[in-house]
Every structure is written in C-alpha cells, then in structure tokens.
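Structure below; questions to follow.
The values are calculated or read from the model by the stated rules, or taken from the named source; none is laboratory data. Being a predicted model, the structure only gives us computed values, none of them experimental. Cβ atoms come from the backbone with ideal geometry, glycine included; neighbour counts cover every protein chain shown.
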Amino acid sequence: MKKTSRFAVHLNIVLSLGLAFTACGVVLATASLPASTQKRAPIERIAQGQVVNKTGVPIAGAVVYLKDSHSNSIRTYIADNSGNFRFGNLSQNTDYQLWANSNGVRSKSKEISSFDSENSFHFTLKIDAAK
C-alpha cells in the first residue's frame, strides 16, 4: 500500500469540498436567475388577414403570396371561403413582402420588417376586380 502524506489528504479534501461547493453554486445561481434572463421558447410570429374586393366582400380562393427577402422564396396560401389566410413560423430576422392575386388582378404589396417588434400582423389585402 502506498502511503499518502497528510498534506495530500488535506489537499484532496479541500479540493473535493471546493468542487462540491462550486457545483452547488452554479446550480443555485442558475435557479435564482430572474425569469427574464432564463432561456425561453421563441414566440411564433404570424401574418394573417383577409382578401377582399373594393367594396369589402371577401374573395374566396384568392392566392396570397409571402416572399422571404433573404432567400427570395415564396410561400402561398389559398384564401378560405371567408377570404381568410394565415402564415405561421415567420422568422424574427427576416423582412417579408405579402400580396394577393385573384383572376389575374393583384393587390398592393404589404411589408413586414425585421425591425418591427410585433409578433402578430393582420392585413386586409384589397383586390380591385374592375381593373
């Protein structure tokens, strides 16, 4: 058997206690952080609204386009019987352009900015069918 000096034994005890207290301190420090600094799940960012004609009547079946400014990819949504549409899972760090088309007539474009702090956007896309 190997003999261990008293100094080495005391050093091991001190180091073990120090590690134990450090581990407890990390756990306690993390547990005592305010809720605002603890990691949260991202909030879903959505764009929704309605496609209507110039008199406000909903346009069922209109195609709504959402263009991502970073990738230039375009997502589409076919408006329901009430003219409603919804796009979810939008990035907080991306600008978007949104418009609708029905029977070859396009609405004006709407913008969503990455600098906007909102998480929910509501748009009314008007299509003037008389054009």
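Yes or no: I74 in contact with a Phe, Trp or Tyr (Cβ under 7 Å, 6 or more places away or on another chain), β-branched (V, I, T) and farther than 17 Å from G56 by Cα?
Yes: the conditions hold for I74.
Kindly provide the set of residues from segment 56-77 that are under 15 Å from S91 (Cβ atoms) and touching a residue at least 12 places away in the same chain (Cβ under 8 Å), ordered by number.
Those that are under 15 Å from S91 (Cβ atoms) and touching a residue at least 12 places away in the same chain (Cβ under 8 Å): L66, K67, D68, S69, H70, R75.
Could you run through segment 64-93 and say how many residues are modelled with pLDDT of 95 or more and either in contact with a Ser or Thr (Cβ under 8 Å, 6 or more places away or on another chain) or not in a loop (DSSP other than H, G, I, E, B) (or both)?
Number satisfying all stated conditions: 14.
What are the residues in segment 96-112 that are farther than 18 Å from A129 by Cα and either touching a residue at least 40 places away in the same chain (Cβ under 8 Å) or out of contact with any Lys or Arg (no Cβ under 9 Å at 6 or more places or on another chain) (or both), if any?
Listed by number, the residues that qualify are Y96, L98, K110, E111, I112.
Could you tell me which residue of segment 114-129 is surrounded by the most Cβ atoms within 10 Å (Cβ to Cβ), considering only residues that are outside any loop (DSSP other than H, G, I, E, B) and of a type in the set (S, T, N, Q)?
Restricting to residues being outside any loop (DSSP other than H, G, I, E, B) and of a type in the set (S, T, N, Q), the top hit is T124.
So, in segment 101-113, exactly how many residues are within 23 Å of the chain's Cα centre (by Cα) and either surrounded by 15 or more Cβ atoms within 10 Å (Cβ to Cβ) or acidic (D, E) (or both)?
So the count comes out to 3.
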